[in-house]
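So the structure is just underneath, and the comments pick up after that.
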Amino acid sequence: MGSWIEAVSARQGLGVDEVLRLIDGMPRRSFARGEIVVRQGETDSSVYLLVRGIWRGYRFKDGEEATAWFGVPGEVLFSVWGYVSDRPSRLAIESVTDSEAVCLPKGELNRRFSSSIAMANLGRKVLENFVLLYENWHIDLWKQTALDRYMALLDDYPEVVKQVPMKCIASYIGVTVQSLSRIRALLAGAKDGGR
């Protein structure tokens, strides 16, 4: 248990005691590889704290899947539309690998956030971190080439590159699987050439 709590603490900028207060008594759920956590068009206002595994947020665009983000242990993940405005999600959230998450229902979170200033500040910090993650993703997508996005993914989420199917990674960086294979071959050649 300690390692994922520490991952949450590090990723969210929270103390271990704050994380423990936040999740106290909250249900933990397991998800199978490929299981949809939130369907596109479904309203889900819960917040999930990923304990184990990898998730992704994606949508269908022109009949193709377009991956918006990946989540790894220690991250807080949720449907922005469902949590903020109780509206249907514009993204599907999928458990890419077998995973486990602590489910934080919005009603219970709101009760905890209104119980004290410390808990309200904790909620604000968690949501601010999520907004920053989302903003960085948008800026990076706009300004980077596919190679740049792949390199950033490799640096920030090496476990994603190792465990997630190539089609999901290709949809995240905005290329075909064949183009992703060329990027990987280019990087492997550069690594071999540097020996």
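The values are calculated or read from the model by the stated rules, or taken from the named source; none is laboratory data. All of these numbers come straight from a predicted model, not from anything done at the bench. Cβ coordinates were reconstructed from backbone atoms using ideal geometry, including for glycine residues, and neighbour counts include every protein chain displayed. With ligands, DNA and RNA removed, areas are computed over all heavy atoms of the protein, side chains included. Shrake-Rupley method; radii C 1.70, N 1.55, O 1.52, S 1.80 Å.
For the structure I just gave you, tell me whether TRP81 is more than 17 Å from LEU22 (Cα to Cα) and assigned to a helix (DSSP H, G or I).
Considered against the rule, which asks whether it is more than 17 Å from LEU22 (Cα to Cα) and assigned to a helix (DSSP H, G or I), TRP81 comes out as yes.
Would you check if there is a residue in the stretch 6-26 being among the aliphatic types (A, V, I, L, M) and under 22 Å from MET166 (Cα atoms)?
No, the stretch 6-26 contains no residue that is among the aliphatic types (A, V, I, L, M) and under 22 Å from MET166 (Cα atoms).
Please state which one of TYR150, TYR172 is of a type in the set (Phe, Trp, Tyr), over 13 Å from TRP69 (Cβ atoms) and either open to solvent by 70 Å² or more (accessible area, probe 1.4 Å) or modelled with pLDDT of 85 or more (or both).
TYR150
Among the residues of the stretch 124-138, is any of a type outside the set (A, V, I, L, M, F, W, C), in contact with a helix residue (DSSP H, G or I) (Cβ under 9 Å, 6 or more places away or on another chain) and either over 16 Å from VAL47 (Cα atoms) or open to solvent by less than 40 Å² (accessible area, probe 1.4 Å) (or both)?
For the stretch 124-138, residues of a type outside the set (A, V, I, L, M, F, W, C), in contact with a helix residue (DSSP H, G or I) (Cβ under 9 Å, 6 or more places away or on another chain) and either over 16 Å from VAL47 (Cα atoms) or open to solvent by less than 40 Å² (accessible area, probe 1.4 Å) (or both): absent.
So, in the stretch 109-128, how many residues would count as being farther than 16 Å from SER85 by Cα, in a helix (DSSP H, G or I) and out of contact with any strand residue (DSSP E or B) (no Cβ under 7 Å at 6 or more places or on another chain)?
So the answer is 13.
State all residues of the stretch 93-102 that are hydrophobic (A, V, I, L, M, F, W, C), at pLDDT 95 or above and not in a loop (DSSP other than H, G, I, E, B); if no residue qualifies, say none.
ILE93, ALA101
Output yes when any residue across the stretch 155-169 is open to solvent by 20 Å² or more (accessible area, probe 1.4 Å) and over 27 Å from GLU35 (Cβ atoms), and no when none is.
yes
If you go through the stretch 72-87, how many residues are of a type in the set (Asp, Glu) and open to solvent by less than 40 Å² (accessible area, probe 1.4 Å)?
1
Let's see how each residue does on (1) assigned to a loop (DSSP other than H, G, I, E, B); (2) free of Cβ contacts under 8 Å to residues at least 24 places away in the same chain; (3) surrounded by fewer than 16 Cβ atoms within 10 Å (Cβ to Cβ):
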{"site": "LEU14", "(1), (2), (3)": "yes, no, no"}
{"site": "LEU20", "(1), (2), (3)": "no, yes, yes"}
{"site": "GLY25", "(1), (2), (3)": "yes, yes, yes"}
{"site": "TYR58", "(1), (2), (3)": "no, no, no"}
{"site": "PHE70", "(1), (2), (3)": "no, no, no"}
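Condition first: in contact with a strand residue (DSSP E or B) (Cβ under 6 Å, 6 or more places away or on another chain) and either part of a loop (DSSP other than H, G, I, E, B) or surrounded by fewer than 15 Cβ atoms within 10 Å (Cβ to Cβ) (or both). Now tell me which residues in the stretch 30-51 satisfy that.
The answer is SER30, GLU35, ILE36, ARG39, GLN40, ASP44, SER46.
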